[in-house]
Amino acid sequence: MTRHFTAGTVDIAHIDATRDKVLSFSESLEDLAREPDAVAWIDNDRFVTANEGDYTGGSRGATIFDERAWALWDTGNALEYIAASIGHYPEKRAGKKGSEPEGVAVGTYGDDTLIVIGMERANFLTVYRDNGPAVAPSYVQVLPTGVAPEGILPIPQRNLLAVAAEKDSAEDNVRSNISIYVYGDWSPAYPDLVSVAEAGNGNAPIGWGALSGLAANPADPHILYAVPDSFYAESRIFTVDVSNRPAQIVSQRVLKRNGETVDYDLEGIATAADGGFWLVSEGHPGRETSNLLIRTRADGTVIREIKLPDSVAREAKRFGFEGVTATGSGADERVYVVIQREWNDDPKGMVRIGVYTPANGSWGFVHYPLDAPESPAGGWVGLSEIVALSDDEFMVIERDNKGGPDAAIKRLYTFSLDGVTPAPAGQTAPVVSKRLARDLLPTLAGTGGWVLDKLEGLTIASDGRVYAVSDNDGIDDAVGETRLLRLGKSTTVLAQR
């Protein structure tokens, strides 16, 4: 050892530093020791550190030093903002060290010297291009990984990069894995969805994650709406512009009831005929929360909460409301709600779909037959979403709860209510017939990465294009990827039936 020096301290402004289930980038931390956890040489005179921290420090960033110990460049809050913009910000770690940059590696690919930083708690790699000592590095892209990326290995002689993710928990459907990426000049395969900077909050992006429902704007084919589930507090609706690639979350509206924010477990969204929204919140008997059908104005003001008939609600189990769609207007308006799995009084393999008539407040029900589990790892099968194709034909997401190599059922089915009369509560519900529209497992496996288990949102835009979105569980024991699938025209999807 010939010399040593301090890595110094930094101040970080406009970050989320509190674990409160809200993504709010309005806090500051001062005099943080960098506490590097990894180091890599860029050239003979400069090296880069990943500053995860261990005790009182951790600056949530990376720093380039020269051999005289001068800090030439620091990411500041940039890595936190990148994580938030792609839906990978780990809110449960906000009060500790955020995304936790833990690994760093440098490789030269052609004319590019690339700096790769591993985000242990946010499950992705950030790639920068080195521009020499006098110019700041340029942000290039992100690469999704398994849970908790640790080891990063550039293999430039083969145009490859490998990363090892350490988290392994069969109970959580997460296994340790190695991901391999190839360097090239094509467009990145990820992300599918990013958020823009939030108005009035500097450069901080709109924080998002755990998307559980999707709806279309009937007047604009480029606008969709999405909702997050109960992983986050202060429920809200995101506006998504799909005219770009990746698509962009461009705004959000926070739901309020009597002027106060609300904490729902939103699992579905549909646009109403008057420009407002229908939402569903999943109940949980163990937490004494009810399954709710919710009506809001266009600005997100809650105007009604509708419960199931008592005779139905008391049979509820943990897996409740999971999707909603609406047809018609006025006296002809109908709202359709899917329940994810069987309840206590459902026949085995049958799940209930509720039909609500706002004009008179009545409910009717039909039964939908689920596929039997096909995964070698077992698990269950349920419904995740419903969207209307017409006044009496519908498409649903039917999926198992398995990911990676254990995933087996990720399918779109259609069914018709033409000639079917939903039964009132307490009477035997008719069983609908379903037809396979499309198997989405090849699409989800098409990137070569981890097959996501929670495909939860589905909608058809006003131009007939079909979109689906996955729920990333807020990066909580999950890989963190959000896939926004562009499945083509509905006529093409339905032609495969």
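Numbers for the structure displayed
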quantity	calculated
Qualifying position, being hydroxyl-bearing (S, T, Y) and either part of a strand (DSSP E or B) or within 21 Å of A216 (Cβ to Cβ) (or both), among T459, T421	T459
Residue in segment 206-215 that is part of a loop (DSSP other than H, G, I, E, B) and surrounded by fewer than 18 Cβ atoms within 10 Å (Cβ to Cβ) present	no
Which numbered condition A40 fails, given (1) more than 17 Å from R121 (Cβ to Cβ); (2) outside any loop (DSSP other than H, G, I, E, B); (3) in contact with a Lys or Arg (Cβ under 8 Å, 6 or more places away or on another chain)	(3)
Subset of segment 87-105 [crowded, with 21+ Cβ neighbours inside 10 Å and more than 17 Å from the chain's Cα centre (by Cα)]	A94, K97, G98, E100, P101, E102, G103, V104, A105
Of all residues making up segment 236-256, the number that are among the aliphatic types (A, V, I, L, M) and modelled with pLDDT under 95	0
Matching option when the condition is more than 24 Å from T271 (Cα to Cα) and touching a residue at least 40 places away in the same chain (Cβ under 8 Å), among L441, L452	L452
Yes/no for Q157 being exposed (fewer than 13 other Cβ atoms within 10 Å of the Cβ) and at pLDDT 95 or above	yes
Residues of segment 108-167 satisfying the condition of being in a strand (DSSP E or B), touching a residue at least 24 places away in the same chain (Cβ under 8 Å), among the aliphatic types (A, V, I, L, M) and over 15 Å from I82 (Cβ atoms)	L114, I152, L153, I155, L161, V163, A165
Output for segment 84-107, where each listed residue is within 14 Å of A478 (Cβ to Cβ) and either assigned to a helix (DSSP H, G or I) or of a type in the set (D, E) (or both)	E91, K92, R93
Residue in segment 70-89 that is more than 23 Å from W208 (Cα to Cα) and without any contact (Cβ under 8 Å) to a residue 60 or more places away in the chain present	yes
Residue in segment 398-427 that is nearest to L308 (Cα to Cα), counting only those that are among the small types (G, A, S) and touching a residue at least 12 places away in the same chain (Cβ under 8 Å)	A425
Long-range neighbours under 6 Å by Cβ, at least six apart or interchain, first residue not assigned by TED's automatic domain parsing to the domain that holds K21 within segment 248-259, second of a type in the set (G, A, S) and not in a strand (DSSP E or B)	R253/G300; L255/S235; L255/G300
Subset of segment 234-262 that is within 15 Å of the chain's Cα centre (by Cα) and part of a loop (DSSP other than H, G, I, E, B) - its residue that is surrounded by the fewest Cβ atoms within 10 Å (Cβ to Cβ)	P246
Any pair with Cβ under 6 angstrom, 6 or more apart, that starts in segment 169-185 at a residue that is within 19 Å of K454 (Cα to Cα) and ends at one that is β-branched (V, I, T)	V174/V147
Total residues in segment 401-418, condition assigned to a loop (DSSP other than H, G, I, E, B) and out of contact with any helix residue (DSSP H, G or I) (no Cβ under 8 Å at 6 or more places or on another chain)	5
Residue within segment 25-33 that is aromatic (F, W, Y), in contact with a helix residue (DSSP H, G or I) (Cβ under 9 Å, 6 or more places away or on another chain) and outside any helix (DSSP H, G or I) present	yes
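Let's see how each residue does on (1) in a strand (DSSP E or B); (2) within 26 Å of A84 (Cβ to Cβ):
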{"site": "I269", "(1), (2)": "yes, yes"}
{"site": "G286", "(1), (2)": "no, no"}
{"site": "V302", "(1), (2)": "yes, no"}
{"site": "S311", "(1), (2)": "no, no"}
{"site": "A326", "(1), (2)": "yes, no"}
{"site": "A331", "(1), (2)": "no, no"}
{"site": "V335", "(1), (2)": "yes, no"}
{"site": "R352", "(1), (2)": "yes, no"}
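The values are calculated or read from the model by the stated rules, or taken from the named source; none is laboratory data. Keep in mind that this is a model prediction, so the values were computed, not measured. Every residue, glycine among them, receives a Cβ derived from its backbone with ideal geometry; neighbour counts consider all protein chains shown.
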